[in-house]
Structure formats: C-alpha cells, structure tokens
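Below is one structure, written out as structure tokens; the observations come after it.
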Amino acid sequence: MLKTTAYDPVTRIDLARTLAGRGRYWTTAYLVGGLLIDSGCAHSAHELLAYLSDKPLTQLVNTHTHEDHIGANGRLERVKAGLKILAHPLALPVLAEPRARQPLHPYRRLMWGWPEPSNGKQVANGEVICTDNFRFQVIYTPGHSCDHICLYEPDCGWLFSGDLFVGGQDRALSADADIWGVIASLKKIANLPLTRLFPGSARVRENPQSELQEKIAYLEAMGEHILELQRKGESVSNIAHILFGGPMFIEVITLGHFSRKNLVRSYLCKLAPSA
C-alpha cells in the first residue's frame, strides 16, 4: 500500500504491506527532486517502483539498514540507470548481503520482507549531498542502529530523522539498540535550527525543538529511575514491571526482540554516559 502527501517541494511516501485490505506497520520514504530518502520494505517495493517510474531519480540515501528502509534498493538500482545509493560506512556490508548480514525475526519477514542486495557508497559525517536546488548535510546519529544517519538541509531548516525520532514515550526497545546513543544523537540534532522534521514514520513536525527537548528529558529521567532501582537491588524484570507495567503486545509478536526488558538492559549496559 502506498500513500503520498505533498510538503512542497518534498513528497512524503508512506509504504506498508497490504494485509486484509489494510496497510500494516507503515514506514516512510521522502522524494526531493531526484533524491529519495529510504525505500520502504520489500513487500511494497513494486508499488514504490510504479510510483517512481516516470520520475527522475539520481540518488538514494538510506538513513539506516533496517529492512523497512532498504526494501526497494535492489529493484530501484536495476531499473534506474546510474542511481547512486549512499549510506553510512557500516551500512554497506548489509546492503550488499542483507540476508547474510541481517537475519530477520519471523515478524520482520512477515511485515517487511527480505531486501534484495544493492551496491552502496559511503558518506562521511558532515558530507554534503547536493541536488539541483538543495544541499543535505549528513549527520551520524547512532543509537537506533549503529549505522544511522540523519540529513539536514540548513537553508530550509529541514531534518530527515529516520528512526532516531518518531515521537512518543518509549516503553520498549529492540535488542540491538543503544539508548544512551539515542539520547546523545537526539541532543546533537536538537541544537540545530529546525523548521520541519520529517521522521521515518509518524507525523511530520513543524518547529520540532520543544518535542525533541521533551523526548530527551523523558529518556534521561527514565534512565535515572532505572539506575536508582538497580542500586536498590531490583532485577531487570522487576524494573521493567515497576516502570512500564505488564507485558506488551509487541513483546509477544516480536518474541521478545522488542521489549521492556531490552530497554532496561540498554540503560544498564553502559550505565550513565559519565560512568
């Protein structure tokens, strides 16, 4: 399933696998001139290719290599002559061999599917990616994944945040994420003069500084609570229950890959950044 929304000159493209007539677990790509930011999941790749068939496309930037952001890379590379795919250096092995480098849990295969291989070129932190009318600064923002980047257009004040910021108050985390890295990366982008934030899912934010600061404050306060409970001798399971309540549906369908305990463990793994 594919839906588009115009934020001239940016086109937001929402993508999802269609099940029982409805889109499930949406992810978002953005088209700005000849630049595409992320490519959705494999299950929606045919719809994205159909939408882009009559549009010039010269560059594709992946904010990170989770399967719901690189799913159409390989197919786009085959049909769009000269397409340049750009990503973090750590992303390139995953793009080249997604099945070997990034095994998927059953729920991930069901909802998003296996990406096809693609050839990527690395972008450096601070590097500028240019289109005819815009210039996008690459900002390394690890945490959600080790290969995560954001794109910042300084003249317009736009930030394409991938999955670093999608809003909400986190109560669970994937097993491979780093919550202290997320906090540090959020602080990095919160200092930028922003007029609009384009996330990898969820709604577009206008003048997002206050929401970014609220998110940082929430995550830091949660870390303090977790560290205090650990000092009192509480187990990971007890801390998760005290702070976040009982089991969540997402823990069941992900077989524990995305869970309250993983969030607690990530806070405790490195303790506080100053520790």
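Taken over segment 1-23, the criterion of being out of contact with any helix residue (DSSP H, G or I) (no Cβ under 8 Å at 6 or more places or on another chain), closer than 20 Å to Ala202 by Cβ and at pLDDT 95 or above is satisfied by Lys3, Thr5, Ala6, Tyr7, Val10, Thr11, Arg12, Asp14.
Selection within segment 73-87: residues that are without any contact (Cβ under 8 Å) to a residue 40 or more places away in the chain and either part of a helix (DSSP H, G or I) or of a type in the set (A, V, I, L, M) (or both). The member of this set that is surrounded by the most Cβ atoms within 10 Å (Cβ to Cβ) is Ile85. Give me the pairs, please: first residue somewhere in segment 165-193 and closer than 13 Å to Cys150 by Cβ, second residue anywhere and β-branched (Val, Ile, Thr), beta-carbon distance under 7 Å, and either six or more positions apart or on two chains. Note: pairs meeting the criteria are Ser185/Thr141; Leu186/Ile216; Lys187/Ile216; Lys188/Ile139; Lys188/Thr141; Ile189/Ile139; Ile189/Thr141; Ala190/Ile216. Would you be able to say whether some residue in segment 88-102 is surrounded by 13 or more Cβ atoms within 10 Å (Cβ to Cβ), in contact with a Lys or Arg (Cβ under 7 Å, 6 or more places away or on another chain) and at pLDDT 95 or above? Checking segment 88-102: at least one residue is surrounded by 13 or more Cβ atoms within 10 Å (Cβ to Cβ), in contact with a Lys or Arg (Cβ under 7 Å, 6 or more places away or on another chain) and at pLDDT 95 or above. Among the candidates Glu214, Glu206, the residue that is out of contact with any Ser or Thr (no Cβ under 9 Å at 6 or more places or on another chain) and either surrounded by fewer than 16 Cβ atoms within 10 Å (Cβ to Cβ) or at pLDDT 95 or above (or both) is uniquely Glu214. Just to verify a result, which residue in segment 15-34, among those that are free of Cβ contacts under 8 Å to residues at least 40 places away in the same chain and surrounded by fewer than 21 Cβ atoms within 10 Å (Cβ to Cβ), is nearest to the chain's Cα centre (by Cα)? The selected residue is Leu31. So which residues in segment 1-30 are within 25 Å of Trp158 (Cα to Cα) and in a loop (DSSP other than H, G, I, E, B)? Listed by number, the residues that qualify are Asp8, Pro9. Taking residues in segment 242-269 that are more than 16 Å from Met222 (Cβ to Cβ), and partners anywhere that are assigned to a helix (DSSP H, G or I) and at pLDDT below 95, the pairs with Cβ atoms closer than 7 Å and at least 6 places apart or on different chains are Ile253/Tyr107; Thr254/Tyr107; Phe258/Ile250; Phe258/Glu251. Hey, among the residues in segment 35-64 that are assigned to a loop (DSSP other than H, G, I, E, B) and in contact with a Lys or Arg (Cβ under 8 Å, 6 or more places away or on another chain), which one's surrounded by the fewest Cβ atoms within 10 Å (Cβ to Cβ)? It comes out as Thr58.
The values are calculated or read from the model by the stated rules, or taken from the named source; none is laboratory data. Remember, it's a predicted structure, so these values are computed and weren't measured experimentally. No Cβ is skipped: glycine too gets one built from the backbone with ideal geometry, and neighbour counts run over all protein chains shown.
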